Amino acid sequence: MPASGDGQQADLEPGYGELLWTPGPDTMDRARVSAYRRWLAAERGIEAADYDTLWRWSAADPAAFWPTIWDWFGVLGDRGPGPVLEGRMPDVRWFAGSTLNYARNALRTARTDPGRIAVVHHSEGRPAGSLTYGELAAETARVASGLRAAGVGRGDRVAGLLPNGPQAVIALLATASLGAVWSSCSPDFGPASVIDRFAQIEPTVLIAVPGYRYNGKEYRREDVAGQIAAALPGLSAVVLVGQAGPGGPGPGGFGDVPVLDWDAFGDAGQATEPEYTEVPFDHPLWVLYSSGTTGLPKPIVHGHGGIVLEHLKALALHLDLGPEDVFFWYTTTGWMMWNFLAGGLLVGATIVAYDGSATYPGTDALWQLTQTDRVTYFGVGAPYLLACAKAGVSPGRDLDLTALRGVGSTGSPLPPEGFGWVYDQVKRDVVLGSLSGGTDVCTGFVGPVPVKPVRSGIITARCLGAAVEALDASGQPVTGQVGELVISQPMPSMPVGFWNDPDGARYRESYYADFPGYWRHGDWIKILPDGGCVIYGRSDATLNRGGVRMGTSEFYRVVEAFPEVADSLVVDTGQLGQEGRLVLYVTLAPGAALDEDLTGRLRGALRAKLSPRHVPDAIHQVPGIPRTLSGKKLEIPVRKILLGTPVAQAADPDALANPDVLAHFAPSGPGAG
């Protein structure tokens, strides 16, 4: 594809591609990815003139690339004599004969600098606090001894129904130190949703809170914890973090399962760090779950070695994090970004755990936290940045953000307007990194690089070791065109499998059925000639109008630019060989009305900025847009509802953040399409 005169900007939609930040010589030289590139040349004889050359090598030769990550970071473990990589996707094996432990690598700073702050924690319901690396290691040792006494050993599962606080981090590390397997859900999950997840892995111990505070309100969860415990017959103990409310179960009785108090759990003793069980590279570390909006969530298993290598690479070489950084990402324990945040310990950073609403007591709550903790890297879901823009928040004007040097966005595509707001209202000299990846790999496939410019609406680059391609309808790689996002070479953080999927059939069906030999991720992507990327939304939620396919992100960009529109969802009811209706649902800002004027302006904007084919057949107002617990819009379940699937069968309400709004999308509902 011919490039335009300003350097590879051809075939971009209006608003995309404006240069917002360029790394100076000092930034280029200090970046960790530059130090890694220099080390490669000096120690391995691998010359890479720039990032793009480095990426091409890393993607084409994963068996050569990933050992350099182990060596450059000095991963603690035993590199065995076996080959780095055996087999072909999906049947691959990494680092045969090698052993290591995630917790040992995450707590290595406890030996070299035990007084450094490891975790800063905030909550709506408790005072702020912190733990040094030395204190974190000692607490991990204490809880590990308690788990061991409760019968937890290598390969056993420990489940956490916990908010994003220090206890969750400690419990993860304690579990991993034993070679046991961690899994967590946020306490705002419904009981059926938690049971759907935890019952699949049959945990030995459940660690839970009896209540939590969110958006200024208290929520008691003793009954939920009791229902969950009753549905997990293999439990040997429940550990409560916090006191049960009046009349609730307390230590000594939780049905037939002993209930222990977190503060008294384990032997405090004199241990300064846990005893680490060294495990094979692909030994299960944790189980994450797909959204589970329809059917049982997929229990995705990641291994110790793959996560250690991937998170070291992603956090240090792409986010440019190190020991001097304070790393924050707004997340719950039910989203993979919590696991990614915990990975900050691998690079010796201080991680900030926040338990509460992002907008309580005001929309700028997270920016206030950033000022208080002198956060250097601030991460959120894209909708939060857009909400701040709509609310007129100006953190750069109102707060001291001198420490901030990076902003991360994920969860959904960040449109150019979101990029512009960050550079206009947050800070001019930050590196804005839009990432896209997923729970499936617990990382990003595409994301920021501190040695490349930031351009409006564009994800900077394909990540090292991620052989990302766009395939057209015939399965051929394309550049400058929208195609299916696929991975053509294995990555070590790809799942070691699904739990209870012994022959791998469910795993293969999930990623490899459509394009044999490729991992199909389910997103639309355009890869630009210079390596930049644009994500257009889920490929299974495509708008196909008159043969013109479009991802939903571009539609939302137009609609949600209207100040009257707080949120939106669009559904194309077309089926194979049959044109359907295009239905737009909007949630309005306070004081706005869906009158003829607003409807006409919406239609006009969509006609002018997209095409006449993309003017909705109907526009309806609804009280809320249904989202998963991790914030993703439910386009596909709503489409099923419009095509006749009963609401109760279209989506699991316990997997949704706001299940009550689904009824408004039924044919007879208030927002009927």
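The values are calculated or read from the model by the stated rules, or taken from the named source; none is laboratory data. Just so we're clear, the structure is a prediction, and the values are computed from it rather than from any experiment. All Cβ positions, glycine included, derive from the backbone under ideal geometry; neighbour counts span all protein chains shown. Quick note on the areas: whole protein, heavy atoms, side chains included, nothing else; ligands and nucleic acids left out. Shrake-Rupley method; radii C 1.70, N 1.55, O 1.52, S 1.80 Å.
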Failed item in (1) crowded, with 17+ Cβ neighbours inside 10 Å; (2) outside any loop (DSSP other than H, G, I, E, B); (3) among the charged types (D, E, K, R), with Glu509 passing the rest: (1)
Just name the residue that is nearest to Asp113 (Cα to Cα) out of those in region 317-350 that are among the small types (Gly, Ala, Ser) and in contact with a Phe, Trp or Tyr (Cβ under 7 Å, 6 or more places away or on another chain). Ala349
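Leu594 - would you say it is at pLDDT 90 or above and over 33 Å from the mean Cα position of the chain (by Cα)?
Values: at pLDDT 90 or above: yes; over 33 Å from the mean Cα position of the chain (by Cα): yes.
Criteria met by Leu594.
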Select from region 450-482 the residues that are part of a loop (DSSP other than H, G, I, E, B) and within 20 Å of Ser58 (Cβ to Cβ) and list them in ascending order. Pro450, Val451, Lys452, Thr460, Cys463, Leu464, Gly465, Ala466, Ala467, Thr479
Among Asp654, Asp567, which is the only one that is closer than 30 Å to Lys298 by Cβ, at pLDDT below 95 and in a strand (DSSP E or B)? Asp567
Scanning region 616-643 residue by residue, the ones that are part of a loop (DSSP other than H, G, I, E, B) and either open to solvent by 20 Å² or more (accessible area, probe 1.4 Å) or among the hydroxyl-bearing types (Ser, Thr, Tyr) (or both) total 7
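Yes or no, residue by residue, for (1) out of contact with any Lys or Arg (no Cβ under 7 Å at 6 or more places or on another chain); (2) not acidic (Asp, Glu):
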{"residue": "Val33", "(1), (2)": "yes, yes"}
{"residue": "Tyr36", "(1), (2)": "yes, yes"}
{"residue": "Ala42", "(1), (2)": "yes, yes"}
{"residue": "Asp52", "(1), (2)": "yes, no"}
{"residue": "Val75", "(1), (2)": "yes, yes"}
{"residue": "Thr109", "(1), (2)": "no, yes"}
Given the conditions (1) surrounded by 21 or more Cβ atoms within 10 Å (Cβ to Cβ); (2) at pLDDT below 95; (3) not aromatic (Phe, Trp, Tyr), and given that Val586 satisfies all but one, which numbered condition is not satisfied? (2)
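Does region 302-312 contain at least one residue that is in a strand (DSSP E or B), in contact (Cβ under 8 Å) with a residue 12 or more places away in the chain and crowded, with 24+ Cβ neighbours inside 10 Å? First the steps, then the outcome.
Applying the first criterion (in a strand (DSSP E or B)) to region 302-312 yields 302-303.
Now drop any that are not in contact (Cβ under 8 Å) with a residue 12 or more places away in the chain, which leaves 302-303.
Add one more test, that the residue is crowded, with 24+ Cβ neighbours inside 10 Å, and what stays is 302-303.
Checked against the condition, which is being in a strand (DSSP E or B), in contact (Cβ under 8 Å) with a residue 12 or more places away in the chain and crowded, with 24+ Cβ neighbours inside 10 Å, region 302-312 yields at least one hit.
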Please go through region 419-433 and pick out each residue that is open to solvent by less than 20 Å² (accessible area, probe 1.4 Å) and either part of a loop (DSSP other than H, G, I, E, B) or modelled with pLDDT under 95 (or both). Val430
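Of everything in region 464-474, what is open to solvent by 10 Å² or more (accessible area, probe 1.4 Å) and either within 20 Å of the chain's Cα centre (by Cα) or among the charged types (D, E, K, R) (or both)? Give them in sequence order. Step through it out loud before you land on a result.
Filtering region 464-474 for residues open to solvent by 10 Å² or more (accessible area, probe 1.4 Å) gives 469, 472-474.
Answer for region 464-474, where residues must be open to solvent by 10 Å² or more (accessible area, probe 1.4 Å) and either within 20 Å of the chain's Cα centre (by Cα) or among the charged types (D, E, K, R) (or both): Glu469, Asp472.
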Just checking, how many residues over region 521-530 are open to solvent by 10 Å² or more (accessible area, probe 1.4 Å) and not in a strand (DSSP E or B)? 2
Please find, within region 319-337, the residue that is farthest from the chain's Cα centre (by Cα) out of those that are crowded, with 24+ Cβ neighbours inside 10 Å and closer than 23 Å to Gly134 by Cβ. Leu321
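If a residue counts only when it is hydroxyl-bearing (Ser, Thr, Tyr), which strands (runs of 3 or more DSSP E) contained entirely in region 160-232 have at least 1 such residues?
On the way: elements: 181-185, 205-208, 211-214, 217-220.
So the answer is 181-185, 211-214, 217-220.
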Those residues that are modelled with pLDDT of 95 or more and within 22 Å of the chain's Cα centre (by Cα), I need them from region 183-199; list them, please. Ser183, Ser184, Phe198
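Condition check: in contact with a helix residue (DSSP H, G or I) (Cβ under 9 Å, 6 or more places away or on another chain), open to solvent by less than 10 Å² (accessible area, probe 1.4 Å) and free of Cβ contacts under 8 Å to residues at least 40 places away in the same chain. Does Ala353 satisfy that? Steps first, answer last, please.
Details: in contact with a helix residue (DSSP H, G or I) (Cβ under 9 Å, 6 or more places away or on another chain): yes; open to solvent by less than 10 Å² (accessible area, probe 1.4 Å): yes; free of Cβ contacts under 8 Å to residues at least 40 places away in the same chain: no.
So Ala353 does not fit the description; no.
Evaluate the following for Tyr360: is it in contact with a His (Cβ under 7 Å, 6 or more places away or on another chain), in contact (Cβ under 8 Å) with a residue 60 or more places away in the chain and not in a helix (DSSP H, G or I)? Steps first, answer last, please.
Details: in contact with a His (Cβ under 7 Å, 6 or more places away or on another chain): no; in contact (Cβ under 8 Å) with a residue 60 or more places away in the chain: yes; not in a helix (DSSP H, G or I): yes.
Taking the combined requirement at face value, the residue does not satisfy it.
So that you can scan it fast, the table gives a plain yes or no per residue for (1) modelled with pLDDT of 95 or more; (2) surrounded by fewer than 17 Cβ atoms within 10 Å (Cβ to Cβ):
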| residue | (1), (2) |
| --- | --- |
| Ala365 | yes, no |
| Gln368 | yes, yes |
| Gln371 | yes, no |
| Tyr384 | no, no |
| Ala403 | yes, yes |
| Gly411 | no, no |
Matching residues in region 81-96 - criterion: being touching a strand residue (DSSP E or B) at 6+ places or on another chain (Cβ under 9 Å), in contact (Cβ under 8 Å) with a residue 60 or more places away in the chain and either open to solvent by 60 Å² or more (accessible area, probe 1.4 Å) or not β-branched (Val, Ile, Thr) (or both): Leu85, Met89, Pro90, Arg93, Trp94, Phe95, Ala96
Could you list, in sequence order, the residues of region 127-149 that are over 24 Å from Tyr377 (Cα atoms) and open to solvent by 20 Å² or more (accessible area, probe 1.4 Å)? Ala138, Glu139, Ser145, Arg148, Ala149
Assess whether Ala63 counts as being within 28 Å of the chain's Cα centre (by Cα) and on the phi < 0 side of the Ramachandran plot. yes
Would you check which residues across region 157-167 are closer than 13 Å to Ala144 by Cα and open to solvent by less than 10 Å² (accessible area, probe 1.4 Å) and list them? Val158
